[in-house]
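The values are calculated or read from the model by the stated rules, or taken from the named source; none is laboratory data. Quick caveat, the model's predicted, so the values are computed rather than measured. Quick reminder, even Gly has a Cβ in these numbers, built from the backbone with ideal geometry, and neighbours come from all protein chains shown. In case anyone asks, the SASA skips ligands and DNA or RNA and just uses the protein heavy atoms, side chains included. Shrake-Rupley method; radii C 1.70, N 1.55, O 1.52, S 1.80 Å.
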Amino acid sequence: QVQLVESGGGLVQPGGSLRLSCVASGFTFSSYAMSWWRQAPGKERESVAAITTAGGSTFYADSVKGRFTISRDNGRNTVVLQMNSLKPADTAVYFCLATKTLSGGNVERYWGQGTQVTVSS
């Protein structure tokens, strides 16, 4: 069965750091681009960071650029989001997403269950 399991969330003070991990199983991890999304109460889900299948390219939302780093280890079926200099505005549920564009142009997506990140003093 396809599974994406996030971990590493929690409560941290402003300026602190957290490391989120997402472990995948049940599909060919190395064939999927990976990304992190977040959703705060009352707001739309937004993309945070993305990484290509072999890790050759990364992309970040302007709001996190310079503070967050995405990486992947295809041998361990794991994608990581290192979050530094955290702000209260980073408070949200963070989700892991696996994406593959199929030959017919359709897109296959798998979502994790999410992990809560709270930045507060």
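Here LEU81 meets the list (1) assigned to a loop (DSSP other than H, G, I, E, B); (2) closer than 20 Å to GLY15 by Cβ almost entirely, failing just condition (1). Restricting the first member to the stretch 29-44 and to residues that are touching a residue at least 60 places away in the same chain (Cβ under 8 Å), and the second to residues that are among the β-branched types (Val, Ile, Thr) and in a loop (DSSP other than H, G, I, E, B), the beta-carbon pairs closer than 8 Å and six or more apart or on different chains are SER31/THR53; TYR32/THR53; ALA33/THR52; ALA33/THR53.
For the stretch 34-75, filtered to residues that are among the aromatic types (Phe, Trp, Tyr) and under 15 Å from GLY112 (Cα atoms), the residue that is most open to solvent (accessible area, probe 1.4 Å) is TRP37.
Just one of the listed residues (THR78, THR99) is open to solvent by 30 Å² or more (accessible area, probe 1.4 Å) and modelled with pLDDT of 95 or more, and it is THR99. So in the stretch 1-33, with the set limited to residues that are open to solvent by 20 Å² or more (accessible area, probe 1.4 Å) and in contact with a Phe, Trp or Tyr (Cβ under 8 Å, 6 or more places away or on another chain), which one is nearest to ASN74 (Cα to Cα)? Residue satisfying both the conditions and the ranking: PHE27.
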